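Have a look at the structure below, then the notes.
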Number of protein chains: 2
Amino acid sequence: MTASSPPYWWQREDLKYSSGRLALGGHDLEPLARCAGKPLFVYSAARISRKLRLLHEALSATGMPFRVFYAMKANRFQPLLCHIRSTGLAGLDLCSPGELQLALSCGFRQEHLSFTAGNLSAADLEILARHTRLLCNLDSLSAIRRFGELAPGREIGLRINPGRGVGYGDNERLRYAGGATTKFGLYEDAFGEALDLARERDLPVRALHMHVGSGFLQEQVGAWEEALAAGAAFLRRAPDVERFNIGGGLGVPHRPGDLELDLGAWARAIQRQLSPKALGGRRIEVRVEPGDYLVKDAGALLLEVNTVELKRDTCFVGLNGGFNLAPEPVYYDLPCQPAPCILREGDARCVTLAGNINEALDIWARDELLPPVEEGDIVALLNAGGYASAMSMNHCLRGDFLERLLV
Amino acid sequence: MTASSPPYWWQREDLKYSSGRLALGGHDLEPLARCAGKPLFVYSAARISRKLRLLHEALSATGMPFRVFYAMKANRFQPLLCHIRSTGLAGLDLCSPGELQLALSCGFRQEHLSFTAGNLSAADLEILARHTRLLCNLDSLSAIRRFGELAPGREIGLRINPGRGVGYGDNERLRYAGGATTKFGLYEDAFGEALDLARERDLPVRALHMHVGSGFLQEQVGAWEEALAAGAAFLRRAPDVERFNIGGGLGVPHRPGDLELDLGAWARAIQRQLSPKALGGRRIEVRVEPGDYLVKDAGALLLEVNTVELKRDTCFVGLNGGFNLAPEPVYYDLPCQPAPCILREGDARCVTLAGNINEALDIWARDELLPPVEEGDIVALLNAGGYASAMSMNHCLRGDFLERLLV
């Protein structure tokens, strides 16, 4: 049972009840849901800007040159991408030709973009080759070999795998690096061969890239720094590299008790491992590419309560949208926190929130202590800003929703 | 490691190598993939027809009246739906207004359809009310109350939950009924109230519905019969009911060693529990609504090998499509069996097949003993006919694919 009696653990200055009505970034949420008339994702532009500023402040304190790329795969809603561009605080991290085209559609220039992906097809590589000012981080000898044929002379990056990783707790589904061999990046034993091959194919290696996990919070910064140190060892073997992309993976709290990431501690770890002092005077541009960290807690999914009914020992609150709209809670065990948009009088009650999909796993939250709700009420599912709409499915033809940027 | 040396466990008369080329329903698969030029799902119409005939034969042997409804949520590819209609052997099982509209678009009549869903919104119920010849199985007191206001006099069904369930092994993600309380159906303790409420709201209850699990095979028929017996107890309390929809859940083998479902044994269990002899002379129409059973092993996803590369201790075979095209292998642990479309000379090799999505879990098969493949080859992922394209996501903007009905 989740402790959700006030003050709610997720409450913050721009996300709280005021006179019993839930507001995000100053926007009263209930009427937005009524106007949409169907499942609605809302994203606070101000929250995203604030997160970008926090990142910039923390990275500025390192004294190192840096750039931020938003990992578009977390949320590709076009007004949100345009908002990020308008801040001037981040480019985009891309992982497919489709994402590249969308980034350009939204007004980003190739210089603002960073491309990193594995298992690229010949067709993928041809499109990348045509975008001559795009930095591509390749992650296999095969890709180096094939890209060299298409784009000799092109500067590239290499994705490395330091063999260590961190993630949301011990979530095996989100393991990108670590003990077991993953599909990502070049391991230490192949790195020399990769450098030789790139040289031979006339692809000057100017950047390294690593991504060692997903959703790390304060308690994982130590493990993350160890991975960073292992990554820095690759850097020493590649003296022509000017930029080190240390990936994303910065997480946000999902549950009461989750300790927020201290960006200062995170940035100091970067400084300890990658500053000129750490690298014998060498000055490296640090690149980071957060996704979840920038958008997840800026978003909520607003659903209507269809059904409130006791089945045997369990009070089910049925909603007009299911896990297919935001798969992380059921598939990755990363819950979206439920909160009624208007508080009713009465005691909180232990309920199970379920969606409208004919699948047993279609449960938003189990044994949740929720303020009272009735059929027709609107419930917000918080933390639905990242890997939610972007991963939605039209399962059971129940995939219809709207999105709105709150500005 | 999967034993996949010939004869392959999945091989059958209409799915096998001939002169080293894999054919499904007599169609050579490799050129189909080349023509598509992108991920391609293929579905054998003949295989689906055969499965329907097998079902009809088994159910005919019971001597009971019966009807088959294909669970459209498994695969809603329109040519496939039209093929099923053209056989005359099945109607459709639906779970959303969108599925209802699509069924009608494909030429099905309301009389050919069966609707069962939970947590229905007011808008959903209004659409159902307008389709006056559609049988709707309601699964909560709330839905009975609300539907009664919209459609008094309408004959309905009730979805019950006998509190027992079976599924693909012990897969918790696919538990529809059983010990723990699920969101589905009316439990025994609420059934009397549901019948009273339906009477009071002038909704004659003419059908019962239950669905107690997913993907059961031969060894689970016993447990399934117990659930059926528990369901029959509800039937005795509802003397006006004429039809009993016993749901779907019939599975297909996914791994070597999985024992195929014996439809004869399954039908005999139905006969033991629901024949006039078992029900004191009462004659009930049996309705079944298989999804996977009809389409899963009729389908394959054809992908191209982009990359073959040893990373540390693991040989990765990278494909031009990821888990987002067919989420069951990673999210439900129900693998799609890989098979090269053209056999090359040489020994099988232990490989890990990975997709092109930047997610750690994007693995099609681990430690698979696969005949040799090279970059550019086409690999078929078998058993991709159900809950594959229907649940696909456009994650990373890598959701593009084609589908083709093989006739």
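Looking at this structure, is A:L80 under 20 Å from A:A300 (Cβ atoms) and surrounded by 17 or more Cβ atoms within 10 Å (Cβ to Cβ)? In short, yes.
For every residue, the table says whether it meets (1) more than 18 Å from A:T181 (Cβ to Cβ); (2) assigned to a loop (DSSP other than H, G, I, E, B); (3) hydroxyl-bearing (S, T, Y).
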residue	(1), (2), (3)
B:R282	yes, yes, no
B:L294	yes, no, no
B:A300	yes, no, no
B:L303	yes, no, no
B:F316	no, no, no
B:L361	no, yes, no
B:A365	no, no, no
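Residue pairs whose Cβ atoms lie under 7 Å apart, separated by 6 or more positions or on different chains, with the first residue in segment B:377-403 and touching a residue at least 12 places away in the same chain (Cβ under 8 Å) and closer than 19 Å to B:E359 by Cβ and the second among the acidic types (D, E) and open to solvent by less than 10 Å² (accessible area, probe 1.4 Å), are B:C396/A:E99. Residue by residue through segment A:395-407, note down the ones that are closer than 25 Å to B:L102 by Cβ and either small (G, A, S) or more than 13 Å from chain B (Cβ to nearest Cβ) (or both). Hits for segment A:395-407 are A:G399, A:L402, A:E403.
Residues that are farther than 26 Å from B:I144 by Cα and either open to solvent by 40 Å² or more (accessible area, probe 1.4 Å) or touching a residue at least 24 places away in the same chain (Cβ under 8 Å) (or both): does segment B:232-249 have at least one? No, that holds for no residue.
To keep it simple, each residue is scored yes or no on (1) under 24 Å from the mean Cα position of the chain (by Cα); (2) among the hydroxyl-bearing types (S, T, Y).
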| residue | (1), (2) |
| --- | --- |
| B:Y17 | no, yes |
| B:C35 | no, no |
| B:K38 | no, no |
| B:I84 | yes, no |
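Which ones in segment A:100-117 are open to solvent by 20 Å² or more (accessible area, probe 1.4 Å) and not in a loop (DSSP other than H, G, I, E, B)? Answer for segment A:100-117, where residues must be open to solvent by 20 Å² or more (accessible area, probe 1.4 Å) and not in a loop (DSSP other than H, G, I, E, B): A:Q101, A:L102, A:L104, A:S105, A:Q110, A:E111, A:H112. A:T314 meets all of the listed conditions (1) open to solvent by 10 Å² or more (accessible area, probe 1.4 Å); (2) touching a Leu at 6+ places or on another chain (Cβ under 7 Å) but one, namely (2). Candidates in segment B:275-326 are the residues that are of a type in the set (S, T, Y) and in contact (Cβ under 8 Å) with a residue 60 or more places away in the chain; of these, the one that is farthest from the other protein chains (Cβ to nearest Cβ) is B:S275. In segment B:99-151, the qualifying residues are those that are of a type in the set (V, I, T) and more than 9 Å from chain A (Cβ to nearest Cβ), and the one that is farthest from B:L89 (Cα to Cα) is B:I144.
State which residue is nearest to the chain's Cα centre (by Cα) when the search covers only segment A:206-225 and only residues that are surrounded by fewer than 18 Cβ atoms within 10 Å (Cβ to Cβ) and in a helix (DSSP H, G or I). This residue is A:Q218.
Residue count for segment B:360-394 under the criterion of being among the acidic types (D, E) and either more than 10 Å from every other protein chain (Cβ to nearest Cβ) or closer than 17 Å to B:M72 by Cα (or both): the result is 4. Among residues of segment A:25-44 being outside any helix (DSSP H, G or I) and touching a Lys or Arg at 6+ places or on another chain (Cβ under 8 Å), the one that is most open to solvent (accessible area, probe 1.4 Å) is A:D28. Only one entry in A:R47, A:R53 is surrounded by fewer than 17 Cβ atoms within 10 Å (Cβ to Cβ), within 24 Å of A:S214 (Cβ to Cβ) and of a type in the set (D, E, K, R), namely A:R53. The single condition from (1) more than 30 Å from A:L195 (Cβ to Cβ); (2) without any contact (Cβ under 8 Å) to a residue 24 or more places away in the chain; (3) in a loop (DSSP other than H, G, I, E, B) that A:S86 fails is (3). Considering segment A:330-353, and only residues there that are over 22 Å from A:G385 (Cβ atoms) and within 14 Å of another protein chain (Cβ to nearest Cβ), the residue that is surrounded by the most Cβ atoms within 10 Å (Cβ to Cβ) turns out to be A:V351.
All of A:I357, A:I363 fail the test of being open to solvent by 10 Å² or more (accessible area, probe 1.4 Å), among the β-branched types (V, I, T) and either within 26 Å of the chain's Cα centre (by Cα) or under 28 Å from A:D292 (Cβ atoms) (or both), apart from A:I363. A single member of B:D189, B:D196, B:D170 is modelled with pLDDT of 90 or more, out of contact with any Pro (no Cβ under 9 Å at 6 or more places or on another chain) and farther than 19 Å from B:D240 by Cα, and it is B:D189. Each residue in segment B:263-317 was checked for being touching a Cys at 6+ places or on another chain (Cβ under 8 Å) and not aliphatic (A, V, I, L, M), and 2 pass.
The values are calculated or read from the model by the stated rules, or taken from the named source; none is laboratory data. Since we're looking at a predicted model, the values are computed, not measured. For neighbour counting, all protein chains shown are included, and Cβ atoms are generated from backbone atoms with ideal geometry for every residue, glycine included. Please note that ligands, DNA and RNA were not included when accessible areas were found on the heavy atoms of the full protein model with its side chains. Shrake-Rupley method; radii C 1.70, N 1.55, O 1.52, S 1.80 Å.
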